[in-house]
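Asks: Right, I'll just put the structure down here and ask away after.
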Amino acid sequence: MTKLITKKLLSHLVVDLCGRDQHLRNVVDRLGPPPQWYRSPGFRTLLYLILEQQISLASARAAWGKLLSTIGQTPTPENFLQLSDAELTIAGLSRQKVRYGRALAESVVGSYLQFDKLQSFDDKKIFEKLTSIVGIGRWTAEIYMLEAMRRPDIWPVTDLALIIAVQEVFCLPERPNGEFLETLGEQWRPWRSVATRILWHHYLAGSKHGGGQKPK
């Protein structure tokens, strides 16, 4: 069974990685250790991540608030599927995200995606299972695995916050590409999720880009 990142383990591993990498240590020395940024596993979080795709955190929160008002309670696969496309569009979802949300809800209702069994899979199998659902790509799957499933070795190289943080922390002249990030992350295996949190911590401090707030 894969060891999950608990608050206690995160604290220990932050110290370990900072002892091995001066760049990460500089972030922690300046800002303190990063929060865990945990999200509850399940349909609600995956649906929220779908809303977050390619939009700002503020826009995602606004869309989520409209959706909650429309449903009148916490979204479940069942009550989501009861809404018409028109109702979901009025709630702030694009046509594309309506389709993605339906695909996710149907995969849960039809027992294709069973959250209680997902944690027993290895990272590769979890990733393949999630990304086989329409609308769940690499970013959504990896953020879910990192934050909701607390997997220890997730390195989401398509995440804009991570890309910007690496550029700033490592003083790069331009934003790094995926190949550079994949190579960089190798040194932090099997705890790349911890390195991700440290770099997110820098990003959210907002020293150069305005910052933001990580959704719960």
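Every number in this text was worked out from the coordinates using simple rules, so none of it is lab data. These numbers come from a predicted model, not from an experiment. Glycine gets a Cβ as well: all are built from the backbone with ideal geometry, and neighbour counts include every protein chain shown.
Asks: For Ala205 and Ala103, what does the FRET efficiency come to when R0 = 41 Å and r is the distance between their Cβ atoms, rounded to the nearest 0.05?
Replies: Values: r = 36 Å, r/R0 = 0.88.
The pair Ala205/Ala103 has a calculated efficiency of 0.70.
Asks: Another question about this same structure. When the chain is modelled as a GNM with alpha-carbon springs shorter than 10 Å, which of Glu182, Glu168, Glu142 fluctuates the most?
Replies: Glu182
Asks: Right, here's the next one. With the crude spin-label approximation of a point 7 Å out along Cα→Cβ, what separation in nm comes out for Ser120 versus Tyr38?
Replies: 2.3 nm
Asks: Would you be so kind as to identify which of Gln187, Ala58, Leu68 lies farthest towards the positive end of the dipole of the chain, taking Lys and Arg as +1 and Asp and Glu as -1 on Cβ and the Cα centre as origin?
Replies: Leu68
Asks: How do 107-116, 30-39, 148-157 rank on mean C-beta neighbours within 10 Å, highest first? Kindly include the intermediate steps, with their values, before the conclusion.
Replies: Values: 107-116: 13.8, 30-39: 15.8, 148-157: 21.8.
Ranking the peptides 107-116, 30-39, 148-157 by packing returns 148-157, 30-39, 107-116.
Asks: Same structure, new question: Highest mean first, how do 12-18, 174-180 rank when packing is the count of other Cβ atoms within 10 Å averaged over residues? Don't skip to the answer; put the middle values down first.
Replies: On the way: 12-18: 17.1, 174-180: 11.9.
Packing order, densest peptide first, comes out as 12-18, 174-180.
Asks: How would you classify the stretch 159-211 from its alpha-carbon gyration tensor, with a ≥ b ≥ c the square roots of the eigenvalues: rounded for a/c under 1.5, else prolate if a/b is greater than b/c, otherwise oblate? Let's see the in-between values first.
Replies: Details: a/c = 2.31, a/b = 1.32, b/c = 1.75.
Here the stretch 159-211 falls in the oblate category.
Asks: Greater than 22 Å separation of Cα atoms is the criterion. Which listed pairs, Lys66/Lys97; Lys3/Lys125; Lys3/Lys97; Lys97/Lys129; Lys3/Lys124, meet it?
Replies: Working: Lys66/Lys97 14 Å; Lys3/Lys125 16 Å; Lys3/Lys97 33 Å; Lys97/Lys129 19 Å; Lys3/Lys124 15 Å.
Long pairs (Cα-Cα over 22 Å): Lys3/Lys97.
Asks: Give the share of C-alpha pairs in each 10 angstrom bin for the stretch 75-213, from 0 to the last occupied bin, in whole percents, shortest bins first.
Replies: 11, 34, 29, 22, 5
Asks: If you don't mind, another one. As an exercise, use a Förster radius of 22 Å and the Cβ-Cβ distance of Val134 and Thr74 to find the FRET efficiency, rounded to the nearest 0.05. Mind dumping the intermediate values first?
Replies: Values: r = 23 Å, r/R0 = 1.04.
In this case the efficiency is close to 0.45.
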